[in-house]
Amino acid sequence: MPIKTFMYSMFNGAPHLNCLQKVRIFITSMLIFCMTIGITKAQMSEENLPAYNRTRVHFGFIIAVNSTNFSLQPISNLAGRFADSLKTVRSAPQSGFNLGIVSELKIGKYLKLRFVPDLAFSERDLAYSFAGMDTFTVTKKIQSTFIDFPLDIKLISKRQKNFEAYVIGGIKFITDLASQKNVNENLLGGDEVVRLIRDDYAYEAGAGIEFYLPYFKFGLEFKLSEGVRNLLIPDNTVYTQSLEYLRSQVFLVSFTFEG
């Protein structure tokens, strides 16, 4: 009965969510539920995978949920610069997901080098608020498909039976396959877009926990990355002339599976 109630509330009791969002929530909830049961059993059992850390190289895959945003700076005296009375510009984060491959190299007893190239689908909204005879907001949606190439150093705690914790940090190169850098705005029928450069660099830091299950190691990781480059391509519209810079900001919740 509780499962039926949960399914009903998700698919019928949340009309403000689209189908893809409901599927993401359902998969994430079921994954966490199943892993919680498996992890609880693992902690009650004998030590799993006792020879795991004797091997220098490990591989696996990653499934992640991202929240992508912009760090932005409007120009000074924003309200006085434009005849159409632009008052504020703000960024609204949206959720997406990542799929990737994990490669991990042991370089010390508690130190590892991790390379996790992934494919990320995300969206960010820029909201421009105008006030004059009428008050209204124009939202520019920026959809991206990223290929990320992060290289991180991972510092691990001493293993406690089937559990260990870690902190992680490093840099990554990012390229946006959906970049509209070269789009011809004359072909858009007056619907201006905020164009961004294709490639970016970022630094990232996070922390996580790992559980040794009978057949693989499962990890839960939280990570924040901050872009370095100004992504904005200036043009003659109010949507870019109102900004000093746009930088990428991503919060990632990852589930890792390593053998």
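The values are calculated or read from the model by the stated rules, or taken from the named source; none is laboratory data. All figures in this text were calculated on a predicted structure; none of them were measured in a lab. Neighbour counts are summed over all protein chains in view; Cβ atoms, including those assigned to glycine, are modelled from backbone coordinates with ideal geometry. Surface areas here come from the heavy atoms of the whole protein model, side chains and all, with no ligands, DNA or RNA. Shrake-Rupley method; radii C 1.70, N 1.55, O 1.52, S 1.80 Å.
Phe149 is checked against (1) within 15 Å of the chain's Cα centre (by Cα); (2) open to solvent by less than 70 Å² (accessible area, probe 1.4 Å) and fails just one. What number does that condition carry?
The single condition Phe149 does not satisfy is (2).
Within segment 100-122, is even one residue open to solvent by less than 40 Å² (accessible area, probe 1.4 Å) and either assigned to a loop (DSSP other than H, G, I, E, B) or within 28 Å of Leu78 (Cα to Cα) (or both)?
yes
Given the structure, is Lys181 within 26 Å of Ser95 (Cα to Cα), exposed (fewer than 14 other Cβ atoms within 10 Å of the Cβ) and touching a residue at least 40 places away in the same chain (Cβ under 8 Å)?
yes
Consider Thr137 against the criteria (1) open to solvent by less than 20 Å² (accessible area, probe 1.4 Å); (2) modelled with pLDDT under 90: it satisfies all of them except one. Which criterion is unmet?
Every listed condition holds for Thr137 apart from (1).
Residues that are more than 19 Å from the chain's Cα centre (by Cα), loosely packed, with under 14 Cβ neighbours inside 10 Å and within 30 Å of Leu49 (Cα to Cα): does segment 217-225 have at least one?
no
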